[in-house]
Amino acid sequence: MKAGQNLYNFTKISDELYKSGQPDLSLLYFLKENCQIKTIVNLRTKIENFEKDFVQNQGIYLLHIPLLFFLRNPKEKDILRFLELFNDSQKCPVLVHCRNGKDRTGMMVALFRLLYQNWPIQKVLEEMKQNRVNFYWKLSIQFRWKGLKNIWKS
């Protein structure tokens, strides 16, 4: 099996973070073996049974942050829960996914870039545009980023 096969919108963001659409079971095994994924962050409202079974059987940490696609503002506590994963080497690397790996996932990747990697806001917005993240998710980042930076620093 090749990297990215059967995995919609799969991208390595950094050594600590990968993103994708909903992986199937064969790709979960592939990612565990080849990317050493230790945490899965599921942004969908529902977790598939095969994914629950996989993380339980493989000793992978599962963080469920259900984001509704039409509510474009993740809660601050959920943003902090997501970012705190990267301060724990036992939980990295992380795979973050939603159904398509585009809008909700794009928002969390943007927050990682902005708050954890300290990218400038313009660079984050440009990456969101290149990845065709929905316009309204970009607006959410654009209008909230200063307040979110202050929360993350404290």
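Things to note:
- With respect to being surrounded by fewer than 18 Cβ atoms within 10 Å (Cβ to Cβ), at pLDDT below 90 and assigned to a loop (DSSP other than H, G, I, E, B), Phe143 falls outside the description.
- The range 1-26 - residue that is of a type in the set (A, V, I, L, M) and crowded, with 21+ Cβ neighbours inside 10 Å and, of those, modelled with the lowest pLDDT: Leu7
- Any hit, the range 46-60, residues being within 30 Å of Lys146 (Cα to Cα), in contact with a Lys or Arg (Cβ under 7 Å, 6 or more places away or on another chain) and either at pLDDT 95 or above or β-branched (Val, Ile, Thr) (or both): no
- When Leu28, Leu67, Leu83 are checked against the criterion of being free of Cβ contacts under 8 Å to residues at least 60 places away in the same chain, of a type outside the set (D, E, K, R) and either outside any loop (DSSP other than H, G, I, E, B) or touching a strand residue (DSSP E or B) at 6+ places or on another chain (Cβ under 7 Å) (or both), a single residue qualifies: Leu28.
The values are calculated or read from the model by the stated rules, or taken from the named source; none is laboratory data. Computed from a predicted model, the values in this text were never measured in an experiment. Cβ sites come from the backbone with ideal geometry, for glycine too, and all protein chains shown count toward neighbours.
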